[in-house]
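Worksheet for the structure shown next.
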Amino acid sequence: MTPAMNVKYLFLKKYFLLFYGFAFAALLSCENDLNEINRIFSEEDIGVEIAKDVEILYSDSAVVRVRMKGPTMKRYTELDESREEFPDGITVDFFEKNGSTTSWLSARKGVRYESKGQMIVQDSVVWESANKDRLETEELIWDEKTEKVYTNKFVVVRRPDEILYGYGFESNQNFTHSKIRAIEGRLKVENRDKAPEE
């Protein structure tokens with residue numbers, strides 16, 4: 001799959017370069033304290049691009065298969081490994097080839113590593129399928145190349161008829177074939193659609 005980015009607001013690329021110029025002029029007019037300069041300009045600030053209301057589409061043969069959205073994206077381009085961070089939350093929708101939604105995912109933060117083709121979402125991760133299966137965990141990894149989703153963390157999987165607890169989980173990205181690696185517990189759920197007896 002190939003990603004195509006649709007950003008409603010243009011990248012504020014090197015948005016702070018003008019600020020750097022003023023700050024350096026102020027520092028040069030004073031005593032050159034290297035510690036003070038390092039305090040103001042961290043290495044992480046250099047080479048960062050910020051975008052708002054981001055939507056990234058992944059297509060396969062011109063058919064959209066995945067859509068990622070987030071209110072804020074920070075893209076770090078001048079580090080050893082470029083990455084895209086979603087610090088204010090992220091949602092991911094997975095689609096079938098016919099355009100129907102197979103599953104949707106949400107988390108409070110996420111990081112995409114471009115060279116690995118890997119997205120890691122963390123903190124209050126919820127993934128739901130069209131079949132009403134629901135996964136809850138604190139970390140989930142999506143491999144773009146293999147189209148697999150997995151974690152080694154504790155998971156809760158809620159299905160219409162049962163709730164499963166365990167460690168480790170893997171699935172295809174459509175959430176139609178999944179398994180828990182080490183099941184710790186299983187609870188049967190009564191049919192909620194069944195009318196109560198009088």
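General remarks:
- Failed condition for ALA62, given (1) surrounded by 14 or more Cβ atoms within 10 Å (Cβ to Cβ); (2) over 27 Å from GLU136 (Cβ atoms): (1)
- Residue satisfying all of: in region 65-109; within 15 Å of VAL48 (Cβ to Cβ) and aromatic (Phe, Trp, Tyr); surrounded by the most Cβ atoms within 10 Å (Cβ to Cβ) among these: PHE86
- Residue match in region 69-82 (condition: in a strand (DSSP E or B) and either of a type in the set (Gly, Ala, Ser) or within 30 Å of LYS188 (Cα to Cα) (or both)): yes
- Within region 148-162, being of a type in the set (A, V, I, L, M) and either exposed (fewer than 15 other Cβ atoms within 10 Å of the Cβ) or over 18 Å from VAL189 (Cα atoms) (or both) holds for one residue alone: VAL149.
- Region 140-183, residues that are small (Gly, Ala, Ser) and either under 23 Å from THR91 (Cβ atoms) or touching a residue at least 40 places away in the same chain (Cβ under 8 Å) (or both): SER171, SER178
- Among the residues here, ARG112 qualifies as surrounded by 14 or more Cβ atoms within 10 Å (Cβ to Cβ) and either within 11 Å of the chain's Cα centre (by Cα) or at pLDDT 95 or above (or both).
- Residue count for region 72-106, restricted to those that are more than 12 Å from the chain's Cα centre (by Cα) and touching a residue at least 12 places away in the same chain (Cβ under 8 Å): 17.
- Scanning region 156-176 for residues that are part of a loop (DSSP other than H, G, I, E, B) and under 21 Å from the mean Cα position of the chain (by Cα) yields a count of 4.
- For VAL126, the requirement of being more than 19 Å from VAL63 (Cα to Cα) and touching a Leu at 6+ places or on another chain (Cβ under 8 Å) is met.
- Within region 122-147, if we keep just the residues that are in a strand (DSSP E or B) and of a type in the set (A, V, I, L, M, F, W, C), the residue that is surrounded by the most Cβ atoms within 10 Å (Cβ to Cβ) turns out to be TRP127.
- Within region 54-66, one or more residues are in a strand (DSSP E or B), hydrophobic (A, V, I, L, M, F, W, C) and within 27 Å of ARG181 (Cα to Cα).
The values are calculated or read from the model by the stated rules, or taken from the named source; none is laboratory data. All values derive from a computational prediction rather than experimental measurement. As a convention, Cβ positions derive from the backbone with ideal geometry for all residues, glycine included, and neighbour counts pool all protein chains shown.
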